[in-house]
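Written below as structure tokens is the structure these notes are about.
The values are calculated or read from the model by the stated rules, or taken from the named source; none is laboratory data. Model, not experiment: these values are computed from the prediction. Virtual Cβ from ideal backbone geometry, glycine too; neighbours counted across all protein chains shown. Note: accessible area is taken over every heavy atom of the protein model, side chains too, but ligands, DNA and RNA are not part of it. Shrake-Rupley method; radii C 1.70, N 1.55, O 1.52, S 1.80 Å.
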Amino acid sequence: MSAQPTTTKVAAQPGDPAQAPSPDGLKAGLKNRHLSMIAIGGVIGAGLFVGSSSGIAAAGPAILISYVLVGAMVVLVMRMLGEMAAARPTSGSFSTYADQALGRWAGFTIGWLYWFFWVVVLAVEATAGAVILNGWIPAIPQWGWALIVMVVLTATNLVSVGSYGEFEFWFAGIKVVAIGGFVAIGLLAVFGLLPGSDNPGTGFAHLTDAGGFMPQGAGAILTGVLMVVFSFMGSEIVTLAAGESEDPQRAVTKATNSVIWRIGVFYLGSIFVVVTLLPWNDKSIVEDGSYVAALNSIGIPHAGQVMNVIVLTAVLSCLNSGLYTASRMAFSLGRRGDAPKAFARTNARGVPQAAILGSVVFGFVAVWFNYQWKDTVFDFLLNSSGAVALFVWLMICFTQLRMRGIILREQPEKLVVRMWLFPYLTWVTIAMISFVLVYMLTDEAGREQVLMSLLAAGLVLAIAVFRDLTGAGRKDAHTDTATPGVEDSVTRP
């Protein structure tokens, strides 16, 4: 093992931007179309398809307000992250910025927590995909299907970043087409304009005809917030992937500017269709799932199987992106001396092989825990990573408060994306996220997630502070300056 983490540098061929090394040494193999679809598909997780029914049951049509509140919060967080990522694109994204703006302890803590979150997600999604596949081909047991999908997507990520981008392009494309088609067909049915529809189409009547717009009371809106907030996790992936793209600044700027309509169409649009096609308390929404119930009401044949295909696509997309995201965060931590040095190395194809394998090994172990000790060890893993998404968003806010000044001092020309009404909206977002975390303490399931996640965060923070005090890991490490076109060779003490 060498004394310094290294990255394989690939000579750029004239006119071939995909062969040029990215700012932190990874090969820039993601095309603009890959980044565009990753940005669009990143907000459409499996949680939207399988989790919305419980939110509708809890809040009624007012779940739309829950989605608006969470969507607004995500838009603001993405605007902050976009400001930093457009100026300094890097595979470490918010972890690198926290390191630079707040200190090593911040980058270390949020980086490892984010890595932990995604490797647990790998196990959750692999199991969810295995359930669907086992229903189609029961001859292969669930654990066998979980193993197969993990192996296939690991191989995809090991081949090249371009292969990850290509798989994600098609996975995300299927999700986008499916949701877009659902919204278009559903709206026609809502207003009685869809030929052959079994649903009479009552316009906006179902928003108020079953106990009013807020049948469970105003407080149910906050309950709905807790149920839907985690389905938005993944919007930030595009800022990690931008470091391996042909034009990072353009990709981040485009993704940041389009996040409003993406959330509006895919989340608000699709949920609006559900609650206007059916009364919120229709039993089929909970029994069959909100999207299947809506499709059945129109008379779409085999709606359940159609949705299974779409959910499986969303699961595979989440698995693919989760492995990519965890490995790039591990790579960035390795470059900064906060992870094993091997994680900071790339192979001849510009892929951080050790970081990918290290992430997937933990994912395999978590899958095994899910089948062996689902109600004990795996529940602990789930709960201790449950509130990490909110911790990440909160850290992005505090980082941006400091990072704005750093960028203005060092690279003012790079500030092409600006947070609106800075710093006021940043502080409003901090208050919103903090309120959600505090409100979670009033909910039994939410309380356990917050407390266990705080325990995990406390343990990682203690390690970070200890390493900071002893100077461990940084002696021979690179820093992620995230300056496009410059291979950083600066070391920190």
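Residues checked against (1) part of a helix (DSSP H, G or I); (2) at positive phi; (3) over 21 Å from the mean Cα position of the chain (by Cα); (4) among the basic types (Lys, Arg):
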| residue | (1), (2), (3), (4) |
| --- | --- |
| Ala348 | no, no, yes, no |
| Val361 | yes, no, no, no |
| Phe369 | yes, no, yes, no |
| Asp375 | yes, no, yes, no |
| Phe378 | yes, no, no, no |
| Phe391 | yes, no, no, no |
| Leu394 | yes, no, no, no |
| Met403 | yes, no, yes, no |
| Arg409 | yes, no, yes, yes |
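Looking only at residues in segment 332-358 that are touching a Phe, Trp or Tyr at 6+ places or on another chain (Cβ under 7 Å) and surrounded by 24 or more Cβ atoms within 10 Å (Cβ to Cβ), the one that is nearest to Ala472 (Cα to Cα) is Asp338. What is the one condition in (1) open to solvent by 10 Å² or more (accessible area, probe 1.4 Å); (2) among the polar types (S, T, N, Q); (3) under 30 Å from Val177 (Cβ atoms) that Thr325 does not satisfy? Unmet condition: (1).
Got at least one residue in segment 330-337 being on the phi > 0 side of the Ramachandran plot and either outside any helix (DSSP H, G or I) or without any contact (Cβ under 8 Å) to a residue 24 or more places away in the chain (or both)?
Yes, the conditions are met somewhere in segment 330-337.
Looking across segment 261-288, the residues that are open to solvent by less than 50 Å² (accessible area, probe 1.4 Å) and modelled with pLDDT under 90 come down to Arg262, Ile263, Gly264, Phe266, Tyr267. Check segment 118-126 and report whether any residue there is out of contact with any Ser or Thr (no Cβ under 7 Å at 6 or more places or on another chain) and surrounded by fewer than 24 Cβ atoms within 10 Å (Cβ to Cβ). The answer is yes, given that some residue of segment 118-126 is out of contact with any Ser or Thr (no Cβ under 7 Å at 6 or more places or on another chain) and surrounded by fewer than 24 Cβ atoms within 10 Å (Cβ to Cβ).
Results for (1) polar (S, T, N, Q); (2) at pLDDT below 90; (3) in contact with a Lys or Arg (Cβ under 8 Å, 6 or more places away or on another chain); (4) part of a helix (DSSP H, G or I), shown as yes or no for each residue.
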{"position": "Met78", "(1), (2), (3), (4)": "no, no, no, yes"}
{"position": "Pro89", "(1), (2), (3), (4)": "no, yes, no, no"}
{"position": "Trp112", "(1), (2), (3), (4)": "no, no, no, yes"}
{"position": "Trp143", "(1), (2), (3), (4)": "no, yes, no, yes"}
{"position": "Leu153", "(1), (2), (3), (4)": "no, yes, no, yes"}
{"position": "Tyr164", "(1), (2), (3), (4)": "no, yes, no, yes"}
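Beta carbons closer than 8 Å, at least 6 apart along the sequence or on distinct chains, pair a first residue in segment 355-383 that is over 26 Å from Leu26 (Cβ atoms) with a second that is open to solvent by 30 Å² or more (accessible area, probe 1.4 Å) and aliphatic (A, V, I, L, M) for Val367/Leu147; Phe369/Val377; Asn370/Val124; Phe380/Met452; Leu382/Val124; Asn383/Met452.
The residue of segment 208-251 that is surrounded by the most Cβ atoms within 10 Å (Cβ to Cβ), among those that are among the polar types (S, T, N, Q) and in a helix (DSSP H, G or I), is Thr239. Of the residues making up segment 417-443, those that are free of Cβ contacts under 8 Å to residues at least 40 places away in the same chain, assigned to a loop (DSSP other than H, G, I, E, B) and farther than 23 Å from Gly224 by Cα are Leu421, Phe422, Pro423.
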